[in-house]
1. What part of the accessible area of the chain, given as a whole %, is carbon or sulfur when the probe is 1.4 angstrom?
2. With respect to the cross-link table entries K41/K96; K12/K53; K38/K58; K58/K96, which display a Cα-Cα separation exceeding 22 Å?
3. Suppose we flag trypsin sites (Lys or Arg not before Pro) only when DSSP calls them loop and at most 11 other Cβ atoms lie within 10 Å. Which is the longest uninterrupted stretch of the chain?
4. For V44 and V19, what does the FRET efficiency come to when R0 = 25 Å and r is the distance between their Cβ atoms, rounded to the nearest 0.05?
5. Helix 7-16 against the longest principal axis of the chain: what's the angle in degrees, Cα atoms only, rounded to the nearest 10?
6. Given the rule -39500 (n - 2.57) for each run of at least 4 DSSP H residues, summed and divided by the residues of the chain, what is its mean residue ellipticity at 222 nm, to the nearest 500 deg cm²/dmol?
7. Find the accessible area per residue for the chain; the probe is 1.4 Å, ligands and nucleic acids are left out, and the unit is Å².
8. Per 5 Å bin from zero, what fraction in whole % of the C-alpha pairs of the chain is there, up to the bin with the longest pair?
Amino acid sequence: MVKWADQRQKGKAAEILVVDAMSSEESCYENDDNGNSKVVKYAVKRLSWQSRKLRKMKKSWTKLTKRAKERILPRTEAEVNTDCQPPNEFPQWALKE
């Protein structure tokens, strides 16, 4: 959970936290000892249009507690970018030049 000390940063977050601006991910499966398929990690597809500033901002929000880190499945960067386009009227600062 992010503690917003800076209201300006909170406002920027509100601008970009929309469903159409989320990265997509693919589930990576392996078979367990019983032959059942289970998700072992996620391959996140990078948004080719997002700015470095936006990536850095989003990364700063994902600091997890030790317990959460132990429970979360690993995420790696996918080999291909997502082909989705940025949402209409998305802030210019969040787009790659």
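The values are calculated or read from the model by the stated rules, or taken from the named source; none is laboratory data. From a predicted model like this one, the values you see are computed outputs, not experimental measurements. In this analysis, Cβ positions are derived from the backbone assuming ideal geometry, glycine residues included, and neighbour counts consider all displayed protein chains. Side chains are part of the model used for accessible areas, which takes the heavy atoms of the whole protein and leaves out ligands, DNA and RNA. Shrake-Rupley method; radii C 1.70, N 1.55, O 1.52, S 1.80 Å.
1. 48
2. Result: K41/K96; K38/K58 exceed 22 Å.
3. 4-62
4. Numbers: r = 16 Å, r/R0 = 0.63.
With R0 = 25 Å, the Cβ-Cβ based efficiency is 0.95.
5. Here the helix axis deviates by roughly 60 degrees.
6. Values: 3 runs with 25 residues, N = 97.
Computed ellipticity for the chain at 222 nm equals -7000 deg cm²/dmol.
7. On the way: 7970 Å² over 97 residues.
That works out to 82 Å² for each residue.
8. Percent of Cα pairs in each bin: 2, 11, 17, 20, 18, 15, 9, 4, 3, 1, 0.
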